[in-house]
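Derivation of every value follows stated rules applied to the coordinates shown; laboratory data play no part. Model, not experiment: these values are computed from the prediction. Note: ideal-geometry Cβ built from the backbone for every residue, glycine included; neighbour counts use all protein chains shown.
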Amino acid sequence: MKKNSTLMLLLGLAFVLTACTQADDGKDTQYSSQSDMVTSTTTEIKSNNAEKTSDSVNYSDNTDNSSSVKKTTETSSAENNLIKSEEQAINTLTAFLEEDDDIYYMLWRETDDFYVIKLVSKSAQEKGGSGTAGFYEVFKKDGNIKEKDY
């Protein structure tokens, strides 16, 4: 008799587990038949005047099992990012750095690819020093900025 009741208990337990699994399967089927949406967005900004790129990708899976992919890319014109003068290079750099009334900017060197802008501290110069506070390269083709040691 104990074997029969144990067997009945195991069969009952198996029945309950099977019913729970089938109920979960019904929910999964119902969920997968609804529209699923995944969105991915990437944004890259190289500097204040630099190229801005934005990619957006949308994936949707509808009940008719058709998939649609939409990709949009917005890129600012490369011509808008060209640095054509010393003044433009200094303006790009001042917009990039924090404002400091003690610092002034001057062209230190120009190459075919970039302007080297020297930052000078007024207060350090008044105390007899060179006043050099740093050097930055402002690239002509895209407005990117790099801090450099010269």
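Points worth noting:
- Virtual spin-label span in nm between Asp113 and Phe135, 7 Å along Cα→Cβ: 1.5 nm
- Taking the number of Cβ atoms within 10 Å of each Cβ as an exposure proxy, the fewest-first ranking of Thr94, Thr111 is Thr111, Thr94.
- Neighbour-count order for Phe139, Phe96, fewest beta carbons within 10 angstrom listed first: Phe96, Phe139
- Pairwise Cα distances in the range 81-150 exceed 18 Å for 33 percent of all pairs.
- Dipole magnitude of the range 83-150 about its Cα centre (Cβ charges: Lys, Arg +1; Asp, Glu -1), debye to nearest 20: 200 debye
- Spacing of the two label points (7 Å from each Cα toward its C-beta) at Ser123 and Glu87, in nm: 3.1 nm
- Ordering Tyr104, Tyr150, Tyr136 from the fewest to the most neighbouring beta carbons within 10 Å gives Tyr150, Tyr104, Tyr136.
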